[in-house]
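Here the structure is laid out as structure tokens; the discussion comes afterwards.
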Amino acid sequence: RPAMLRAHGDLIEASRSAETAGDLRAASYALGSLGGLYAEEGGRDKEALYLTRRALQSAELAQAADLLARWNAQAGQLAWRAGQANEALDAYRRAVRLLAETRPEAGAARGQADVAFRQAVEPVYLELVDLLLRRSSEEESGASQALLVEAREVVEDWKAAELRNYFRDGCAAELEATARSIESVDPHAAVVYPI
């Protein structure tokens, strides 16, 4: 508990110092991290969401797409816990779109790329797929099908990102460019997605 309190104090001080210095990226990081701590504590989700939204604003002004992806995923998690499924899905969709654009694992050193991918990228894709599958079970047939198709596309995007991360060269991009849509496969063929 004392370590948690010390971390709170350090993050509050860091956010104030960064805001005073005009370092929007550092302010965003401190605010979002503090929001994450509040979310972990439980019972402080409103404060966590407020801080996460402030972190998103600072990241937007700093044009820090990597932080925008991170804080959108955190906002999605908080919205889901608050029972706001549509807001959660929207936030996770923004996060996945930003991760696909920025590819944070690509900037990591060779040995650290897998760790970066597993910690920063993969969980966001998987959480979006999970939410889409949960929502599809609550919807009518047409809406349910659309959510299932979207879940499948997110899994395919995740696997493509995983391949790009693994090969770390143009090989994966070439493979992705020649890939066929699932709809173009023989209608009598079975396609299995282990989710």
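When region 142-159 is examined, which residues are found to be at pLDDT 85 or above and of a type in the set (Lys, Arg)?
152 - this is the single residue of region 142-159 that is at pLDDT 85 or above and of a type in the set (Lys, Arg).
Taking region 49-106 as the region of interest, how many residues are open to solvent by less than 20 Å² (accessible area, probe 1.4 Å) and either of a type in the set (Ser, Thr, Tyr) or part of a helix (DSSP H, G or I) (or both)?
Number satisfying all stated conditions: 23.
Quick check, is residue 138 modelled with pLDDT under 85, of a type outside the set (Lys, Arg) and open to solvent by 90 Å² or more (accessible area, probe 1.4 Å)?
Answer is no for this residue.
The values are calculated or read from the model by the stated rules, or taken from the named source; none is laboratory data. Predicted, not measured: the structure shown is a model, and the values here were computed from it. Keep in mind that these areas ignore ligands, DNA and RNA; they rest on the heavy atoms of the full protein, side chains included. Shrake-Rupley method; radii C 1.70, N 1.55, O 1.52, S 1.80 Å.
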